[in-house]
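One structure below.
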Amino acid sequence: MADCRICGGVLTEFYDFGRQPLSDAFLEPDKLEGEFFFRLAVGLCSDCTMVQLMEEVPRDKMFHEDYPYFSSGSSVMRKHFELTARKFLETELTGPDPFIVEIGCNDGIMLKTAAEAGVKHLGVEPSGGVGEVARSKGIRVRTAFFEESTAVEVAKEEGHADVIFAANTICHIPYMDSIFRGIDALLKPNGVFVFEDPYLGDITQRTSFDQIYDEHYYLFTARSVQAMARRFGFDLVDVERYPVHGGEVRYTIARAGAREPSPAVAELIAEENAAGLATLPTLEAFGAKVTKIKEDLVALLTKLREEGKTVVAYGATAKSATVANLCGLNSDLVSFVCDTTPQKQNRLTPGTHIPVRSPEAFSNPYPDYALLFAWNHAEEIMAKEKAFREAGGKWILYVPEVHVL
Ligand code: TYD
């Protein structure tokens with residue numbers, strides 16, 4: 001029985017995805033031994049309503065020199081983060097000596113714009129390989145996990161920050177007590193801590209259960225983030241919804257009393273309460289839909305195999321580890337997965353050992369069906385792969401339910 005990682009309250013498990021691998025650990029074909037597995041299950045805290053994993057995977061197993069996810073692989077995401085940086089440059093970073101820190105800057109997709117504008121910045125990134133790519137773009141990067149001690153060092157060496165930003169990173173970090181002590185040490189008195197992550201409201205609404213994997217320790221709501229911020233001496237002062245990655249919320253946190261919360265905070269919390277978002281009945285209903293998707297997807301892929309159709313998957317996403325392992329997919333059902341990331345190509349998918357190939361393999365020849373693992377980039381990928389549909393190919397999607405396009 002686990003306790004809530006935020007408040008120590010009682011966690012009630014509501015879905016068990018079973019034995020799962022590290023979602024970003026793509027394997028070399030001749031090095032399959034010793035693959036790491038853990039039990040992926042998710043629970044709700046009955047006190048602070050934080051939804052979280054029941055088991056924690058050690059951080060060094062996930063984020064290291066060879067971490068293969070590069071944020072800049074999507075043009076939609078490049079635009080999203082350019083706009084994000086521009087907004088900070090026009091609002092929070094207009095005072096004397098502005099300073100922006102990003103926790104988990106990855107390949108510099110956001111900080112690039114700040115660096116080009118000549119604004120003082122620092123990325124704190126534990127994964128050496130992606131951080132090196134950021135450095136090659138002229139971005140200052142410290143290879144480290146952000147935690148209290150790192151923040152204290154950065155504050156001493158570089159001064160205090162106006163903005164501490166993180167995208168798709170804070171939900172990866174179980175130890176939020178150390179994070180908030182770090183924010184306290186590094187942030188200027190009226191600075192803001194801004195982070196965006198997949199939103200539980202979108203996940204339940206779309207049944208996008210594949211947002212649940214080793215790296216996504218928390219599934220936030222405005223209500224749970226507000227409770228978390230208050231617990232650590234801060235307050236939630238703004239929320240904004242974004243359609244990226246299947247639906248995210250950007251949370252703005254300030255020191256308690258430093259800023260007046262925008263009405264959007266109370267509005268979103270009221271919406272969540274009215275919908276019973278982080279309550280067991282809603283989460284159990286979500287779980288039942290997950291099981292239905294699993295059954296439908298396995299049935300569809302089995303039928304297509306019996307009919308002799310070819311099926312490949314598109315996008316070797318971290319998310320797809322959850323789907324593929326939950327459904328027991330293998331290279332009989334899905335011949336290969338294509339992906340633009342060189343670091344994933346010619347490797348095997350975690351747990352299910354399906355080969356990963358370059359996107360050139362997709363059209364050579366086109367399969368009958370393509371299972372869109374990167375459904376969050378559907379518009380971008382379907383536009384790029386227009387010729388696939390024109391050649392008679394069909395897309396298989398599994399959120400919000402299994403359907404063929
Ligand atoms: P993404 O869904 O962004 O994240 P996660 O791995 O956290 O689930 O991953 C998208 C993957 O899809 C990434 O490996 C790059 C790949 N991709 C393509 O192969 N082609 C494309 O056009 C796009 C946008 C992504």
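The values are calculated or read from the model by the stated rules, or taken from the named source; none is laboratory data. All of these numbers come straight from a predicted model, not from anything done at the bench. Heads up, the Cβs are rebuilt from the backbone with ideal geometry, glycines too, and the neighbour counts pull from every protein chain shown. Each accessible area value is taken on the protein alone, full model and side chains, heavy atoms only, with ligands, DNA and RNA left out. Shrake-Rupley method; radii C 1.70, N 1.55, O 1.52, S 1.80 Å.
Considering only residues that are without any contact (Cβ under 8 Å) to a residue 60 or more places away in the chain and more than 19 Å from L397 (Cβ to Cβ), look in segment 332-345 and name the one that is least open to solvent (accessible area, probe 1.4 Å).
Initial filter on segment 332-345 (without any contact (Cβ under 8 Å) to a residue 60 or more places away in the chain): 332-339, 342, 345.
Cutting the leftovers down to more than 19 Å from L397 (Cβ to Cβ) gives us 332, 342, 345.
Numbers: D332: 106, P342: 92, Q345: 43 Å².
Applying the filter and picking the extreme gives Q345.
Given G257, G247, which one is open to solvent by 60 Å² or more (accessible area, probe 1.4 Å) and in contact with a strand residue (DSSP E or B) (Cβ under 9 Å, 6 or more places away or on another chain)?
Just a single option satisfies the conditions, and that option is G257.
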Please find, within segment 373-401, the residue that is nearest to the chain's Cα centre (by Cα) out of those that are more than 17 Å from V76 (Cβ to Cβ) and either near the ligand (Cβ under 10 Å from one of its atoms) or in a strand (DSSP E or B) (or both). L397
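Mind checking whether some residue in segment 295-306 is in contact with a Pro (Cβ under 9 Å, 6 or more places away or on another chain) and not in a strand (DSSP E or B)? It would help to see each step written out before you state the result.
Step one: of segment 295-306, the residues in contact with a Pro (Cβ under 9 Å, 6 or more places away or on another chain) are none.
Checked segment 295-306: no residue is in contact with a Pro (Cβ under 9 Å, 6 or more places away or on another chain) and not in a strand (DSSP E or B).
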Exactly one of these conditions fails for G129: (1) surrounded by 24 or more Cβ atoms within 10 Å (Cβ to Cβ); (2) closer than 17 Å to Y69 by Cα. Give me its number. (1)
For residues in segment 60-91 being more than 17 Å from A166 (Cβ to Cβ) and of a type in the set (G, A, S), which is least open to solvent (accessible area, probe 1.4 Å)? S74
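Considering every residue within segment 48-55, establish whether at least one is touching a strand residue (DSSP E or B) at 6+ places or on another chain (Cβ under 9 Å), assigned to a loop (DSSP other than H, G, I, E, B) and within 28 Å of K188 (Cα to Cα).
Taking segment 48-55 first, the residues touching a strand residue (DSSP E or B) at 6+ places or on another chain (Cβ under 9 Å) are 50-55.
From what's left, assigned to a loop (DSSP other than H, G, I, E, B): 50, 54-55.
When the remaining residues are screened for being within 28 Å of K188 (Cα to Cα), the result is 50.
Yes, segment 48-55 contains a residue that is touching a strand residue (DSSP E or B) at 6+ places or on another chain (Cβ under 9 Å), assigned to a loop (DSSP other than H, G, I, E, B) and within 28 Å of K188 (Cα to Cα).
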Every pair of residues 6+ apart whose Cβ atoms lie under 8 Å, when the first sits in segment 305-317 and is over 26 Å from F209 (Cα atoms) while the second is among the basic types (K, R) and within 16 Å of the ligand (Cβ to nearest atom): none
For I109, are the conditions met, namely being within 16 Å of the ligand (Cβ to nearest atom) and part of a loop (DSSP other than H, G, I, E, B)? yes
Matching entry among H172, H160 (being away from the ligand (no atom under 16 Å from the Cβ) and either touching a strand residue (DSSP E or B) at 6+ places or on another chain (Cβ under 8 Å) or open to solvent by 20 Å² or more (accessible area, probe 1.4 Å) (or both)): H160
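Against the definition (more than 12 Å from the ligand (Cβ to nearest atom) and touching a residue at least 60 places away in the same chain (Cβ under 8 Å)), how does L329 come out, yes or no?
Details: more than 12 Å from the ligand (Cβ to nearest atom): yes; touching a residue at least 60 places away in the same chain (Cβ under 8 Å): no.
When the stated conditions are applied, L329 does not pass them.
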Among residues of segment 66-81 being more than 7 Å from the ligand (Cβ to nearest atom) and part of a loop (DSSP other than H, G, I, E, B), the residue farthest from M110 (Cα to Cα) is D66
Residues that are more than 23 Å from S208 (Cβ to Cβ), within 12 Å of the ligand (Cβ to nearest atom) and of a type in the set (A, V, I, L, M), drawn from segment 334-372: A361
Of the residues that make up segment 352-362, is at least one part of a loop (DSSP other than H, G, I, E, B) and more than 23 Å from the chain's Cα centre (by Cα)? no
Taking segment 204-236 only, how many residues are in contact with a strand residue (DSSP E or B) (Cβ under 6 Å, 6 or more places away or on another chain) and of a type in the set (V, I, T)? 2
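Within segment 307-326, take every residue that is in a loop (DSSP other than H, G, I, E, B) and of a type in the set (G, A, S) and give me the one that is farthest from the ligand (Cβ to nearest atom).
Step by step, filter segment 307-326, then rank; the result is G308.
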Quick check: is even one residue across segment 42-51 open to solvent by 20 Å² or more (accessible area, probe 1.4 Å) and hydroxyl-bearing (S, T, Y)? yes
Against the condition buried (at least 24 other Cβ atoms within 10 Å of the Cβ) and more than 16 Å from R250 (Cβ to Cβ), how does D97 come out, does it pass? no
